[in-house]
């Protein structure tokens with residue numbers, strides 16, 4: 001037991017006690033996820049485009065380095081099953097994943113893979129690094145579902161989205177310059193130091209008052225935790241029952257189409273910006289920094305409005321707006337050399353994209369069943385990210401076979417977003433919640449939805 005004199009000290013820096021601390025912590029955790037994204041999805045693709053690599057080559061790399069985010073399908077159930085509650089429900093997993101992320105950056109710095117020739121070494125480094133980043137994401141999302149009150153989720157998701165966007169915007173621009181001056185080795189050392197600092201933040205924050213900071217320190221498990229120790233098979237059964245509900249399947253299809261488009265864009269945009277518009281890789285990364293940071297601020301400012309008016313409404317607006325931007329770019333090829341026009345459209349599209357990211361997370365959190373919330377949410381995110389890799393690989397093959405131009409590519413991306421928006425009009429959250437409540441009654445074990 002924790003003695004009374006220790007309790008005031010142990011209550012310091014507990015996420016459940018202070019709203020500002022929850023918002024700050026989750027924003028910083030998502031910022032850490034943005035660091036490897038900046039290196040592997042902005043800096044390295046821009047540098048490869050500068051070297052004259054094709055869209056298909058960049059898409060091949062993007063498909064591999066983003067694939068580990070689908071590992072959430074594997075990681076999620078283990079986080080639900082294996083826990084060390086004296087340190088918190090999800091926090092031990094966050095610490096382990098963050099430590100692995102720092103270690104992977106150190107490994108890249110020591111190996112210093114070359115960017116000339118085969119892209120396999122860089123792809124392998126990206127897979128390992130993003131495996132830890134994806135594991136950290138699963139743990140953080142589970143922690144967020146566990147400790148965030150329902151009326152804070154819109155604002156929290158907006159800030160978390162801001163954190164990730166700020167991370168990959170900053171480190172996309174920074175790593176591009178570092179690669180120019182010091183190679184991948186220099187960029188990796190800076191990434192390791194930055195993520196290591198955020199690891200310290202994780203280490204000093206408890207989920208709930210009275211819990212241990214480290215296994216050897218004072219503290220005990222919170223009585224608010226669900227201490228039932230269910231089998232993997234039982235978790236799998238519950239997961240299947242909630243995933244196949246109609247609204248769950250519909251929302252997964254909406255997100256599949258949106259992320260398939262992301263998989264195309266992540267390889268096409270750097271090559272389009274460098275080889276078609278004529279930017280250098282540094283100019284592209286700098287523009288991406290300001291554009292993404294602005295979009296992240298925009299998304300963060302809308303957090304309270306999302307809570308008030310509903311994430312579905314904002315998601316529908318964002319999907320339609322993004323589709324329109326793609327149609328405009330594809331239709332006005334003669335204006336591609338007009339920097340002001342293209343920059344304006346890119347910024348507007350980025351704002352819509354950030355809004356899609358924030359609202360999608362909020363909706364997926366809302367439809368989670370509390371009994372298996374971490375695993376269910378992790379599966380949603382894993383399928384979303386797997387869709388992005390599929391988009392990259394499929395379109396790489398299509399581009400090589402059909403030799404599509406940029407105009408046709410923008411129309412394809414617009415169509416994916418438009419269909420996604422049409423499907424979203426059929427989404428009905430109250431009916432989904434009613435079905436989960438029926439699952440609770442059938443299960444007879446007191447589970448509840450994550451929204452309550």
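Within the bounds of the range 61-73, is there any residue that is under 16 Å from residue 382 (Cβ atoms), crowded, with 24+ Cβ neighbours inside 10 Å and at pLDDT below 75?
Yes: one or more hits.
Give the residues of the range 418-431 that are in contact with a helix residue (DSSP H, G or I) (Cβ under 7 Å, 6 or more places away or on another chain), in a helix (DSSP H, G or I) and either modelled with pLDDT of 85 or more or surrounded by fewer than 14 Cβ atoms within 10 Å (Cβ to Cβ) (or both), sorted by residue number.
Answer for the range 418-431, where residues must be in contact with a helix residue (DSSP H, G or I) (Cβ under 7 Å, 6 or more places away or on another chain), in a helix (DSSP H, G or I) and either modelled with pLDDT of 85 or more or surrounded by fewer than 14 Cβ atoms within 10 Å (Cβ to Cβ) (or both): 418, 419, 420, 421, 423, 424, 431.
For the range 287-311, which residues satisfy the criterion of being more than 13 Å from residue 347 (Cα to Cα) and surrounded by fewer than 20 Cβ atoms within 10 Å (Cβ to Cβ)?
Initial filter on the range 287-311 (more than 13 Å from residue 347 (Cα to Cα)): 300-311.
Correct list: 301, 304, 305, 307, 308, 309, 310.
Out of curiosity, is residue 328 modelled with pLDDT of 90 or more, touching a helix residue (DSSP H, G or I) at 6+ places or on another chain (Cβ under 8 Å) and more than 23 Å from residue 389 (Cα to Cα)?
Numbers: modelled with pLDDT of 90 or more: yes; touching a helix residue (DSSP H, G or I) at 6+ places or on another chain (Cβ under 8 Å): yes; more than 23 Å from residue 389 (Cα to Cα): yes.
When the stated conditions are applied, residue 328 passes them.
How many residues does the range 90-115 hold that are more than 30 Å from residue 148 (Cα to Cα) and assigned to a loop (DSSP other than H, G, I, E, B)?
4
Report yes if residue 118 is more than 30 Å from residue 23 (Cβ to Cβ) and outside any helix (DSSP H, G or I), otherwise no.
Working: more than 30 Å from residue 23 (Cβ to Cβ): yes; outside any helix (DSSP H, G or I): yes.
Answer is yes for this residue.
Hey, residue 165 hits all of (1) modelled with pLDDT under 85; (2) more than 30 Å from residue 49 (Cα to Cα); (3) part of a helix (DSSP H, G or I) but one; which does it fall short on?
(2)
Taking the options 348, 361, name whichever one is in contact (Cβ under 8 Å) with a residue 24 or more places away in the chain and under 19 Å from residue 133 (Cβ atoms). Show your work before the answer.
On the way: 348 fails: under 19 Å from residue 133 (Cβ atoms).
Answer to the selection: 361.
Table: residues versus (1) surrounded by fewer than 21 Cβ atoms within 10 Å (Cβ to Cβ); (2) assigned to a helix (DSSP H, G or I); (3) touching a residue at least 24 places away in the same chain (Cβ under 8 Å); (4) within 15 Å of the chain's Cα centre (by Cα).
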site: 20; (1), (2), (3), (4): yes, yes, no, no
site: 36; (1), (2), (3), (4): no, yes, yes, yes
site: 41; (1), (2), (3), (4): no, yes, yes, yes
site: 47; (1), (2), (3), (4): no, yes, yes, no
site: 59; (1), (2), (3), (4): no, yes, yes, no
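On the basis of being at pLDDT 80 or above and touching a helix residue (DSSP H, G or I) at 6+ places or on another chain (Cβ under 7 Å), does residue 39 make the cut? Let's see the steps before the verdict.
Working: at pLDDT 80 or above: yes; touching a helix residue (DSSP H, G or I) at 6+ places or on another chain (Cβ under 7 Å): yes.
Yes.
Pick from the range 251-308 the residues that are touching a helix residue (DSSP H, G or I) at 6+ places or on another chain (Cβ under 8 Å) and in a loop (DSSP other than H, G, I, E, B): which of them is farthest from residue 67 (Cα to Cα)?
302
Residue 140 - would you say it is part of a helix (DSSP H, G or I), in contact with a helix residue (DSSP H, G or I) (Cβ under 7 Å, 6 or more places away or on another chain), surrounded by fewer than 22 Cβ atoms within 10 Å (Cβ to Cβ) and in contact (Cβ under 8 Å) with a residue 12 or more places away in the chain? Break it down stepwise before answering.
Numbers: part of a helix (DSSP H, G or I): yes; in contact with a helix residue (DSSP H, G or I) (Cβ under 7 Å, 6 or more places away or on another chain): yes; surrounded by fewer than 22 Cβ atoms within 10 Å (Cβ to Cβ): no; in contact (Cβ under 8 Å) with a residue 12 or more places away in the chain: yes.
No: the conditions fail for residue 140.
Restricting attention to the range 180-191, which residues are at pLDDT below 90 and buried (at least 19 other Cβ atoms within 10 Å of the Cβ)?
Within the range 180-191, just 184 meets the criteria.
Can you find a residue that is under 14 Å from the mean Cα position of the chain (by Cα) and touching a residue at least 24 places away in the same chain (Cβ under 8 Å) anywhere in the range 102-114?
Applying the first criterion (under 14 Å from the mean Cα position of the chain (by Cα)) to the range 102-114 yields none.
No.
For the condition touching a residue at least 24 places away in the same chain (Cβ under 8 Å), under 17 Å from the mean Cα position of the chain (by Cα) and buried (at least 24 other Cβ atoms within 10 Å of the Cβ), what is the one hit in 372, 356? I'd like the intermediate steps shown before the answer.
Numbers: 372 fails: under 17 Å from the mean Cα position of the chain (by Cα).
Residue meeting the stated conditions: 356.
The values are calculated or read from the model by the stated rules, or taken from the named source; none is laboratory data. From a predicted model like this one, the values you see are computed outputs, not experimental measurements. Please note: Cβ atoms are built from the backbone with ideal geometry, for glycine as well, and neighbour counts cover all protein chains shown.
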